[in-house]
Amino acid sequence: MQSFSLGQNQISILPGRRPDAPVIYLPSVKDEGACISRYLLEYGCPDLTLVSISDLSWNHDMAPWDCPTVFPKGDPFTGGADAYIHQLTEQILPEAERRIGSEPVWRGIAGYSLAGLFAIYTLYHTDLFSRAASISGSLWFPGFSEYMESHSLAVRPDCIYLSLGKKEHKTRNPLMKTVAHHTEKAVSCFQSQNIHVTFEWNEGGHFDHPDQRTAAGIQWITEQH
């Protein structure tokens, strides 16, 4: 594993066996890359390089636009995703691939929760990622379904993976209880464009087995041909 810092971010590269292996970029909370990589190995995932990016300003970097807090004691969302996509594509990605030493056969982006929302949002702003996995993605985010319906993708992705826990929408939170509805709307939106998309239900709620679920989503997009 290689690690480097860029600005406030810590980036960990978990290399594949081949220098030109597919590269998956993973914004994460606490650098979960090593744990997810172990699950990928356990699951028999095809060869890939995982680039885990941590020490994010989570509610800023991953949020597409401003939104009040959804928790009584939580922080508001201050939409910094556009700026962070620029940082990811213009700084982090080139430096990571310089260190890897080869251009990958394809690139993907994956994320859990708010980073899952960011992964989908990124497809509307850059053509560098041809596959995406949104695991328990925060697609309840106000206005995001409408954004998807009114904007064009920057790239026609090879495939998209979406998943939720079966209990995620069983909450009193008025926004989060809509997550299943909005995720199903996202599936329909992609299907209407003849994009290869799958939607998987997992056992449990939002905080159950995030690393295993993330590994499953990454494995799925890596196995598609």
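The values are calculated or read from the model by the stated rules, or taken from the named source; none is laboratory data. Predicted model, so just to flag it, every value in this text is computed and none were measured. Ideal geometry is used to build each Cβ from the backbone, glycine not excepted, and the neighbour counts take in all protein chains shown. The area values use the complete protein model at the heavy-atom level, side chains included, leaving out ligands, DNA and RNA. Shrake-Rupley method; radii C 1.70, N 1.55, O 1.52, S 1.80 Å.
Given points 7 Å out from each Cα along the Cα-Cβ axis, report the residue 167 to residue 98 separation in nanometres with one decimal.
4.7 nm
Quick one: grab Rg to one decimal and Dmax as a whole number for region 1-104, Cα atoms only, in Å.
15.2, 47
Run a plain Debye calculation on the chain (Cα atoms as equal point scatterers, no solvent) and give log10 I(q)/I(0) at q = 0.13, 0.15 Å⁻¹, rounded to two decimals, same order as the q list.
Rounded to two decimals, the profile gives -0.69, -0.95.
DSSP loop (so not H, G, I, E, B), at most 14 other Cβ within 10 Å: list which trypsin sites (Lys or Arg not before Pro) in region 1-71 pass both filters.
17, 30
Quick one: work out the % antiparallel among DSSP beta bridges in region 20-142, nearest 5.
If we restrict to bridges inside region 20-142, about 5 percent are antiparallel.
Please compute the net charge surrounding residue 186, taking Lys and Arg as +1 and Asp and Glu as -1 over other residues with Cβ under 15 Å from its Cβ.
Working: positive: 185; negative: 146, 149, 168, 184, 200.
With Lys, Arg at +1 and Asp, Glu at -1, the net is -4.
Provide the gained length on full extension for the span residue 200 to residue 3, in nm with one decimal, where the gain is 0.36 nm per separating residue minus the Cα-Cα distance.
67.7 nm
Tally Lys and Arg at +1 and Asp and Glu at -1 over the other residues with C-beta under 15 Å from the C-beta of residue 98: what net charge comes out?
Around residue 98, the charge tally is -3.
At a 10 angstrom cut-off on C-beta neighbours, averaged per residue, how do the peptides 46-52, 158-164, 114-120 rank from highest to lowest?
Ranking the peptides 46-52, 158-164, 114-120 by packing returns 114-120, 158-164, 46-52.
Using a 1.4 angstrom probe on heavy atoms only, work out the carbon and sulfur share of the accessible area of the chain in %. Write down the numbers at each step before the final one.
Details: 5030 of 10140 Å².
Summing carbon and sulfur atoms, their accessible area is 50 percent of the total for the chain.
If you place +1 on the Cβ of every Lys and Arg and -1 on the Cβ of every Asp and Glu, how big does the dipole about the Cα centre of the chain come out, in debye to the nearest 20?
Using Cβ point charges on Lys, Arg, Asp and Glu, the chain gives about 440 debye.
Let me confirm the definition first: pairs of Lys residues in the chain, 8 or more apart or on different chains, C-alpha distance under 22 Å. How many are there?
9
So for region 148-225, considering every pair of alpha-carbon atoms, how many percent are separated by more than 20 Å?
39 percent
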